[in-house]
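> Just dropping this structure here.
Read the figures in this text as sums done on the coordinates, not as results from a lab. Remember, it's a predicted structure, so these values are computed and weren't measured experimentally. Cβ: placed from backbone, ideal geometry, glycine included. Neighbour counts: every protein chain shown.
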Amino acid sequence: MRSSVAAATLRRNAVLLRLPPRVALFYSRARRSAARAGDEWSLGSATGPESLSVILRLARGRRRVVEIGTGTAWTTVALALADRERRVLSFDPEVRPDRERYLELAGLDAVARIELVARGGEDGPGNRPWRPDMLFVDGSHERELTIRTFESWQPVLAPGAIVVFHDFGNPAYPGVTEAIRALGLEGEAVGDVFVWRS
């Protein structure tokens, strides 16, 4: 039993090496903090390091990122930590009780470049003058809300922007794949990440 736990830990930590050092350190600290606090929700719902490495690669050079689905902000923080010039606007109608603990692990510099909005992002930016160059969709995972999110944000995307959908092809969240197909989007799938380029 101990050897299988140790092997799983080694595999998990090896994947962290694919992340930028600041992100890997945050992710490792967040995971330890969640385990100590018994925060099973974050441990089970946070974007895994393999998918996160793909998302961060796609985000390179992109300075205005909108995230739909903050959760406990692990990906939000990772996006901010990966680029000191990047601003992240993140929407979620539910403010998770443990979120502040993980934001504290990020450091003031990263948190200063994050704006959290306590509502769903499916209706676009509202009165915010945001023209994101990346939209990361990881919210409700329901077909209709995913479609509505894309359609609301597409008109305000910056030229050359990308839209990144998480949980593509995941049988637990069929609505994401169904939405992408219903929208007729052509793009590239890397694991459970689908990217559409405007």
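> GNM, the chain, Cα, under 10 Å: largest mean-square fluctuation among Leu135, Leu108, Leu56?
So, out of Leu135, Leu108, Leu56, the one fluctuating most is Leu108.
> Could you compute the net charge surrounding Val176? Neighbours are other residues with a C-beta less than 12 Å from the C-beta of Val176; K and R count +1, D and E count -1.
In short, -4.
> For region 130-198, would you read off the P(r) tail past 18 Å as a percentage of all alpha carbon pairs?
Above the 18 Å cut-off, region 130-198 has 27 percent of its Cα pairs.
> Grab the other residues whose beta carbon is less than 13 angstrom from that of Trp153, score K and R as +1, D and E as -1, and report the net.
-1
> Where does each of 109-115, 85-91, 141-147 land if you order them by average Cβ count within 10 Å, highest first?
85-91, 141-147, 109-115
> Less than 9 Å Cβ to Cβ from Ile162, Lys/Arg counted +1 and Asp/Glu -1: what total charge do the surrounding residues give?
The answer is +1.
> Provide the packing ranking of 159-170, 67-78, i.e. peptides ordered by the mean count of other C-beta atoms within 10 Å per residue, highest first.
67-78, 159-170
> By how many nm would the segment from Glu151 to Asn127 lengthen if fully extended, with 0.36 nm per residue of separation less the alpha-carbon distance?
Fully extending the segment from Glu151 to Asn127 adds 7.0 nm.
> Just checking my list (1) 10.3; (2) 10.9; (3) 14.4 against mean projected area of the Cα convex hull in nm² computed from this structure; which label fits?
(2)
> Given the Cα-Cα distance of Arg119 and Glu100 and 0.36 nm per residue of separation, how much length would full extension add, in nm?
Fully extending the segment from Arg119 to Glu100 adds 5.2 nm.
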